[in-house]
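For reference, the structure discussed in these notes is given below.
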Amino acid sequence: MVADAQQLFADVLSAALDEFSDIRVFDDHPTTAPEAIKTMMHRRPDIALLDLWMPGMEEPAVTQSIMRWIPSGHVIFLSWYHGREHVTQAMRLGAAGFLPKSADVDDVAEAIRQAHSQKLPALAEQVENLLGTIKKREDFNRRVCERIWTLTPRELQVVRLISTGRPVKEIAHQLGITSGTVKAHIRRILLKTEAQSQKQVIAMARFCGAIS
Amino acid sequence: MTIVHPGVVIADSQKLFARALGLALQRAGGLEVLETSATSGLETIKMIAEFEPRCNLLILDYWIGGMTGPAATRAVLRFSPAPQVVLTGWFHTTVEVKEGFLAGAAAFVSKSARLSDFLELTRRVVQGDSSLYMLDGKGGLQAVPRPQGKGDEAWDRLAALTVREIEVLSLLAFAPVEKVAKQLSISLGTLRNHISNILRKTQARSQIEALDIARRVGLIDS
């Protein structure tokens, strides 16, 4: 069974997986958590491919309810956005595997086969690799954003104005301070963020959501 | 003249979706899938230019990385006017839909749509149906009136940029000039030429201002 909030995604993935001679996909593709659970109750798929984010419930509850209707080790989560807690939570609740939506159709088919034949260590290793990648990304984000969050509201205001390409004189006029003070702000901003240029500060600030 | 096997390029931030959709279009739609691995606006522009004139259809994710859907649509059509562009979205607003059509898209599809309706849409678009279409899970396939207006006027300031210049600008948003030159395998001098051309064309006073204009128009998107 393939269940995803996006009907078109569920339709095309099902069609692609159904082409494999050893995989048969149900023709109903639930798009909400309650629908998914109903299908699992009535049709008892061997393997369920689920998106982590489905309307109808908070996702930890989804994983708990889903696990009731299908034996442990027979749910594979497919997700676009996934933090480490989501992945570890899903695995702790008995999911067989977790694949990002950047995977290939063949990877998904292989994961289904492995889950079905209970080759769980292979899937678990894949999840470990995924967690490793996520950790690296989260560590990077934290390193970059920690520095941005040391900026004062005034300094962020300066960054916001610089990002529009306005020259120092205009910024000074807009904030009601001297050009010298603006330049001093900029020097302090560069020091605090350890950035190599104003351009880099802007990129960092935007990346961390400190400016829009 | 009916094209026997229309060529399609699929550009989506989710590779799995692009791959699976490609398979469906090939098997059930009789289309020739040229490319499904474009995951950024810039990659899409370059690939379409490469496949010209074999590309008749582009299925483009509204949230394709690096650019917004309308900006990517305008850019693609400016360099390669031939293909029909179908934008795919998810919970998109009426403003986003309008921007997409003003940018030149032939259709706007929500990912809540059913595959069977999507196949019908591609059939019509590829056969040269000049109506504009919207497709979603609730209303099905519907022809819609052409929206009035010109769209983002700020786009005009960026309209004269070449693909290379757009690429340079996208990289400059995140890296210093030395790194960008290395990444593009060009000399610092060549890069500085590109930058001065960009500033001249966009009438910007600095790299930062040029980047800001590009970002406001959706040509650069983090």
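The values are calculated or read from the model by the stated rules, or taken from the named source; none is laboratory data. As the structure is a prediction and not an experimental result, all values here were calculated from the model. So basically every Cβ, Gly included, is an ideal-geometry build from the backbone, and we count neighbours across all protein chains shown.
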- Item | Restricting region B:83-120 to residues that are of a type in the set (G, A, S) and in contact with a Pro (Cβ under 6 Å, 6 or more places away or on another chain), the residue that is nearest to the other protein chains (Cβ to nearest Cβ) | B:G100
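For every residue, the table says whether it meets (1) away from chain B (no Cβ under 14 Å); (2) surrounded by 19 or more Cβ atoms within 10 Å (Cβ to Cβ); (3) at pLDDT 95 or above.
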residue	(1), (2), (3)
A:P167	no, no, no
A:T178	yes, no, yes
A:K183	yes, no, yes
A:I186	no, no, yes
A:L190	no, no, yes
A:S197	no, no, no
A:A203	no, yes, no
- Consider A:H74 against the criteria (1) closer than 18 Å to A:L120 by Cα; (2) under 22 Å from the mean Cα position of the chain (by Cα): it satisfies all of them except one. Which criterion is unmet? (2)
- Say whether the condition of being among the aliphatic types (A, V, I, L, M) and at pLDDT 95 or above is met by at least one residue in region B:89-103. no
- Task: Hey, could you check region A:29-58 for residues that are over 26 Å from A:Q118 (Cβ atoms) and not in a helix (DSSP H, G or I) and say which is modelled with the highest pLDDT?
- Result: A:T31
- Could you list, in sequence order, all residues of region B:161-209 that are farther than 14 Å from A:A203 by Cα and touching a Gly at 6+ places or on another chain (Cβ under 8 Å)? B:A204, B:R205, B:S206
- In region B:22-54, what count of residues is obtained for those that are in contact (Cβ under 8 Å) with a residue 40 or more places away in the chain and under 20 Å from A:D107 (Cβ atoms)? 1
- Go through region B:107-159 and count every residue that is surrounded by fewer than 17 Cβ atoms within 10 Å (Cβ to Cβ) and assigned to a loop (DSSP other than H, G, I, E, B). 17
- Note on the structure: Of A:V144, A:V108, the only residue that is in contact (Cβ under 8 Å) with a residue 24 or more places away in the chain, surrounded by 14 or more Cβ atoms within 10 Å (Cβ to Cβ) and in contact with a helix residue (DSSP H, G or I) (Cβ under 6 Å, 6 or more places away or on another chain) is A:V144
- Task: From A:D4, A:D46, grab the single residue that is more than 14 Å from chain B (Cβ to nearest Cβ), of a type in the set (D, E) and either within 20 Å of B:W90 (Cβ to Cβ) or in contact with a helix residue (DSSP H, G or I) (Cβ under 7 Å, 6 or more places away or on another chain) (or both).
- Result: A:D46
- What helices (runs of 4 or more DSSP H), lying completely within region A:164-212, carry at least 1 residues that are in contact (Cβ under 8 Å) with a residue 24 or more places away in the chain and in contact with a Leu (Cβ under 9 Å, 6 or more places away or on another chain)? A:179-193, A:198-207
- Item | Members of region A:78-126 found to be part of a helix (DSSP H, G or I) and at pLDDT 90 or above, listed by number | A:V105, A:D106, A:D107, A:V108, A:A109, A:E110, A:A111, A:I112, A:R113, A:Q114, A:A115, A:H116
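Just to be sure before I move on: is B:L121 of a type outside the set (S, T, N, Q) and either under 30 Å from B:G30 (Cβ atoms) or within 17 Å of the chain's Cα centre (by Cα) (or both) in the structure I sent?
Working: of a type outside the set (S, T, N, Q): yes; either under 30 Å from B:G30 (Cβ atoms) or within 17 Å of the chain's Cα centre (by Cα) (or both): yes.
For B:L121, the condition - of a type outside the set (S, T, N, Q) and either under 30 Å from B:G30 (Cβ atoms) or within 17 Å of the chain's Cα centre (by Cα) (or both) - is met.
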- Looking only at residues in region B:160-204 that are under 20 Å from the mean Cα position of the chain (by Cα), assigned to a helix (DSSP H, G or I) and not hydrophobic (A, V, I, L, M, F, W, C), which one is farthest from the other protein chains (Cβ to nearest Cβ)? B:R164
- Item | Residues (surrounded by 16 or more Cβ atoms within 10 Å (Cβ to Cβ) and within 20 Å of A:P45 (Cβ to Cβ)) located in region A:67-92 | A:M67, A:W69, A:I70, A:G73, A:H74, A:V75, A:I76, A:F77, A:L78, A:S79, A:A90, A:M91
- Evaluation of B:F118 against (1) closer than 25 Å to B:D156 by Cα; (2) at pLDDT 95 or above (one fails), failing number: (1)
